[in-house]
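First comes the structure, then the notes that go with it.
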Amino acid sequence: MQSDLMLPPAPIAPQVYQARRARLMQKLPSHSAALIPGACLVTRSRDSEYPFRQDSDFYYLTGIVEPDALLVLLPDGSDQGGQSVVFCLDRDPTMEAWTGRRLGAEGVMREHLIEQAFENAEREKQLNNLLGGREMLYFPLSNPEAQRLAEQAYRQAQAAQRRGHPTLQGWLDIAPLIHSMRLIKGEEELTLLRHAAAISARAHCRAMRVAAPGLHEYQLQADLEHEFVWQGGSGPAYSTIVGSGANACVLHYIENAAPLKAGELVLIDAGAEYALYAGDITRTFPVSGVFSTPQRALYSLVLEAQKNAVAAVRPGTTLNEIHQGVVEDLTKGLIALGLLEGELDECIKAESYRRFYLHSTSHWLGLDVHDVGTYRLDPDTPRPLEAGMVITVEPGLYIPNDDDIPDDYRGIGIRIEDDVVVTAEGHEVITSDVPKEMDDIEALMANK
Ligand SMILES: [Mn+2]
């Protein structure tokens, strides 16, 4: 099994996070300050907690994975952008004996190149000093902890105003500024995304080899997630979907409880999280290793649409155009199979295809599986793709168990999803280590 281990990529250097903070501060006025809280531990039951997952925005700007931290940015209009301050967990020998080493203020400054750091015990006093005289606050408006800190700062500012100091004038959302940066991935991020994708692809191959009638969906889930962690990932990047038979038609089916039956397809939508970056792959394959004729007919339709969509990925095009291409391909095919009636244009205009394909074709991918960034520049203008963006391409067909559907096609759900980097020349598919051609899938399943 040792030969099976993949070579892990280098972690992102602290200088990269430092440069991101500088870039963000250069976008902020020098009389402002920004507050960006990290994530806290969340209770799972009684005194046990969910595994800690850092807030993606906080992580993007610091690389710090401790809970209960806070990043304060103090822009000053200089080339370096300004100063970064972090509040972190207090050093505490007793607590550290239970839960492990804490960075402490010195560790934060040394290991993460933060100019100034304090332990949380000093938070209130030091925040007052740092924010005094700053006229505008930026923070993620959706974050209740940041909201609380901003209100506290406002009360302090009012008191200071009575003593003649400049006062806090208002606050603005910092999320859009961070999210527009996260939308374009740097080379060091692409390396981690490629690795998350490669681990995910291996896990899918493994599930294809293991699948057999008589097993349950959850056993494929266990096998996928074993591979994620075996290769150094933290686990799944989102709840693993293993849907056999008609369960494949439930888009977010995560019960994964049904037995796998001979003759049925199984749809797996699963991806590893590696260094907080997400993989996101969907494959659909026959439980017993061979596609039936009606399954082939539907699968080849989805596969053609998916390959055409991937081929269309390049700078300047939009996710909207790619989706429209998929809709046209799928609708054409559904008419040819007799599942839709009428002319192509009419079916598209009336959206009758939505009975079989109701989701969109792509989403951004990064630190979050449905990554941040707007899809439109304004309500009428889809955002053109740029080099460094990472997307999924995932058309599907979901045929309901309805009386008017020919028996052969009822209850079949198929989705094929790859992760694709937009490059200057066009695109790079980073999930091609798991087959999607039917003959290749059958060959892999035959040569377990
Ligand atoms: Mn996806």
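Would you say ASP407 is more than 16 Å from the ligand (Cβ to nearest atom) and either acidic (Asp, Glu) or touching a Gly at 6+ places or on another chain (Cβ under 7 Å) (or both)?
Judged against the criteria, ASP407 is a match.
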(request) Look through GLN26, GLN83 and report the one residue that is more than 25 Å from VAL372 (Cβ to Cβ) and more than 25 Å from the chain's Cα centre (by Cα). (result) GLN83
(request) Go through region 74-137 and tell me which helices (runs of 4 or more DSSP H), entirely inside it, have 1 or more residues that are modelled with pLDDT under 90, surrounded by fewer than 16 Cβ atoms within 10 Å (Cβ to Cβ) and out of contact with any strand residue (DSSP E or B) (no Cβ under 9 Å at 6 or more places or on another chain). (result) 93-99
(request) Please state which one of LEU130, LEU137, LEU103, LEU141 is closer than 21 Å to PRO29 by Cβ and without any contact (Cβ under 8 Å) to a residue 40 or more places away in the chain. (result) LEU141
(request) Kindly establish whether VAL42 is crowded, with 16+ Cβ neighbours inside 10 Å and more than 16 Å from ILE178 (Cβ to Cβ). (result) no
(message) Please count how many residues of region 1-34 are open to solvent by less than 70 Å² (accessible area, probe 1.4 Å), among the hydrophobic types (A, V, I, L, M, F, W, C) and out of contact with any Lys or Arg (no Cβ under 8 Å at 6 or more places or on another chain).
(response) 9
(request) For region 36-72, enumerate the residues that are in contact (Cβ under 8 Å) with a residue 60 or more places away in the chain and under 22 Å from GLY133 (Cα atoms). (result) ILE36, PRO37, LEU70
(request) Could you list, in sequence order, all residues of region 200-233 that are open to solvent by less than 10 Å² (accessible area, probe 1.4 Å) and more than 15 Å from the chain's Cα centre (by Cα)? (result) ALA201, ALA203, HIS204, ALA207, MET208, ALA211, GLU217, LEU220, LEU224, GLU227, PHE228
(message) Test of understanding: among HIS370, HIS363, which residue is within 16 Å of the ligand (Cβ to nearest atom), exposed (fewer than 15 other Cβ atoms within 10 Å of the Cβ) and at pLDDT 95 or above?
(response) HIS370
(request) Could you tell me whether LEU61 is under 18 Å from LEU177 (Cα atoms), hydrophobic (A, V, I, L, M, F, W, C) and over 27 Å from the mean Cα position of the chain (by Cα)? (result) no
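Inside region 377-409, can you point out the residues that are without any contact (Cβ under 8 Å) to a residue 12 or more places away in the chain and assigned to a loop (DSSP other than H, G, I, E, B)?
Correct list: PRO379, ASP380, ASP402, ASP403, ASP404.
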(message) If a residue counts only when it is open to solvent by less than 50 Å² (accessible area, probe 1.4 Å), aliphatic (A, V, I, L, M) and within 16 Å of the ligand (Cβ to nearest atom), which helices (runs of 4 or more DSSP H) contained entirely in region 240-359 have at least 1 such residues?
(response) 293-311, 319-336
(message) I want to confirm something. Restricting to region 439-448 and keeping residues that are touching a helix residue (DSSP H, G or I) at 6+ places or on another chain (Cβ under 6 Å) and at pLDDT 95 or above, which single residue is nearest to LEU190 (Cα to Cα)?
(response) LEU444
(request) Go through region 404-435 and give me each residue that's open to solvent by 40 Å² or more (accessible area, probe 1.4 Å) and either farther than 17 Å from ALA198 by Cβ or of a type outside the set (A, V, I, L, M) (or both). (result) ASP404, PRO406, ASP407, ASP408, ARG410, ALA424, GLU425, HIS427, GLU428, SER432, ASP433
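The values are calculated or read from the model by the stated rules, or taken from the named source; none is laboratory data. Everything quoted here is computed from the prediction, not taken from an experiment. Using ideal geometry, Cβ is built from the backbone for each residue, glycine included, and neighbour counts are taken over all protein chains shown. What goes into the accessible areas is simple: the full protein's heavy atoms, side chains included, and nothing from ligands, DNA or RNA. Shrake-Rupley method; radii C 1.70, N 1.55, O 1.52, S 1.80 Å.
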